Amino acid sequence: MLTRLVNQFLAWISQRSLFKLTKQPGIQAFALLFVIGLSLSIAIASCTPNNAANSTSPQKSQLTVLKMGHQKGMSLLNIIKAQGALEKRLQPQGISVTWNEFSSTAPLLEGMGVGAIVFGGGGGTGSVFAQAADKQFVRVAASTSSPRSSAILVLENSPIKTLANLKGKKVAFAKGSSSQYMIVRALKKVGLKYSDIQPVFLTPAEALPAFQRGDFDAWVIWDPYTAETERKLQTRLLADNTTVFGDKAIVESPGFYFASPDFVRDYPDILKAILQELEKAGIWAKNNNEDSAKLLSKLYKVDLLTMEAVEKRGGTRQVLTVDDEVLTGLQTMADTFYDLKVIHKKIDVKDKKFNWVADEKW
């Protein structure tokens, strides 16, 4: 294009009988300089970015508000919320922190998808449902669970004595939660299918009074609701994490920390800061059961004795990278739900779009 423009310019000079003038030394030099200048102008213009074209490119903005999500059962998130750890750490950077509570993982990831939060935590089961629905989220770390963090309970006077007795019975749990996977695996252990029970989808807050009234036969739930129910009602334990998953409980039914894709891309340093604070909270809670129980009791509005029971069985409270072992367990979960037609399509939980691993542990 540049050559064509220069030739057109010289032809224009020739057509106007001006070319003879260029034989004069001064004019010849001027013409040469003019052509060189024109050429450089065109070349520079061709390399200059088009502002209109680039206006649609995503621009990283200065983060001023960190939107966090939490739920009961993800104790480390609740500890850093109560202690104000993130607020203290990020305040020098001019970043404030807001917190939004969710009843379970499914609505938490829904909230992340619409921008209500950029970071949160919950069960791996919810992430399977969200991935199958093409929700926008990334697993950024995994969390260990205690042997009694989840349980299948019946009222003490219930005729149900074993898992096999659940056939034909109404079993309540939060849809898309770790409890849904737990009941599937528990039934499988005794030769039953998911279709052998009558699922009752209820949030924990809805289920507690309904359980007391006897509206359903068994309840699959996680701490602190498990401990709270055991203290408030006369119950019997049918199964817990260890009963159902054995020594693979950590990788078969893991918890995860999630972040929005934009947040992972634009603010990796702040993401690592959050994970560092979670790790500190885990070490503190493990070494200070009574203090963590007092803190969470106030935050959850749950009596202290309940929270002391939860914290005593809290396990190692580690924050783990999203490695192959953890995702292999999650893939088993996803395949199980697909086979049961609980999710509508087969998914690959190891898809890099949905997982983040730091270059080095935070």
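The residue of segment 100-122 that is surrounded by the most Cβ atoms within 10 Å (Cβ to Cβ), among those that are at pLDDT below 95 and among the polar types (S, T, N, Q), is T105.
Taken together, the residues in segment 134-184 that are free of Cβ contacts under 8 Å to residues at least 24 places away in the same chain and assigned to a loop (DSSP other than H, G, I, E, B) amount to 3. Going residue by residue through segment 82-99, is there one that turns out to be crowded, with 24+ Cβ neighbours inside 10 Å and among the aromatic types (F, W, Y)? No - not one qualifying residue is present in segment 82-99.
The set of residues from segment 79-123 being under 19 Å from K301 (Cβ atoms) and without any contact (Cβ under 8 Å) to a residue 12 or more places away in the chain comprises just one member, G84.
The rows are residues; the columns are (1) open to solvent by 40 Å² or more (accessible area, probe 1.4 Å); (2) without any contact (Cβ under 8 Å) to a residue 24 or more places away in the chain.
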position	(1), (2)
Y257	no, no
N288	yes, yes
D323	yes, no
K346	yes, yes
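Scoring L76 on the criteria (1) free of Cβ contacts under 8 Å to residues at least 60 places away in the same chain; (2) in contact with a helix residue (DSSP H, G or I) (Cβ under 6 Å, 6 or more places away or on another chain) leaves a single failure, condition (1). Can you pull out the residues in segment 334-353 that are out of contact with any Pro (no Cβ under 9 Å at 6 or more places or on another chain) and part of a helix (DSSP H, G or I)? Across segment 334-353, the qualifying residues are A334, D335, T336, F337, Y338, D339, K352. If only residues of segment 350-362 that are among the hydrophobic types (A, V, I, L, M, F, W, C) and out of contact with any strand residue (DSSP E or B) (no Cβ under 8 Å at 6 or more places or on another chain) are counted, the one that is modelled with the highest pLDDT is V357.
Residue by residue, here is whether (1) more than 27 Å from K232 (Cα to Cα); (2) of a type in the set (A, V, I, L, M); (3) open to solvent by less than 40 Å² (accessible area, probe 1.4 Å) holds:
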{"site": "L166", "(1), (2), (3)": "no, yes, yes"}
{"site": "A172", "(1), (2), (3)": "no, yes, yes"}
{"site": "S177", "(1), (2), (3)": "no, no, yes"}
{"site": "V190", "(1), (2), (3)": "yes, yes, no"}
{"site": "Q198", "(1), (2), (3)": "no, no, no"}
{"site": "F201", "(1), (2), (3)": "no, no, no"}
{"site": "P204", "(1), (2), (3)": "no, no, yes"}
{"site": "A207", "(1), (2), (3)": "no, yes, yes"}
{"site": "Q212", "(1), (2), (3)": "no, no, no"}
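The values are calculated or read from the model by the stated rules, or taken from the named source; none is laboratory data. Predicted, not measured: the structure shown is a model, and the values here were computed from it. Quick reminder, even Gly has a Cβ in these numbers, built from the backbone with ideal geometry, and neighbours come from all protein chains shown. SASA here: full protein model, heavy atoms, side chains in, ligands and nucleic acids out. Shrake-Rupley method; radii C 1.70, N 1.55, O 1.52, S 1.80 Å.
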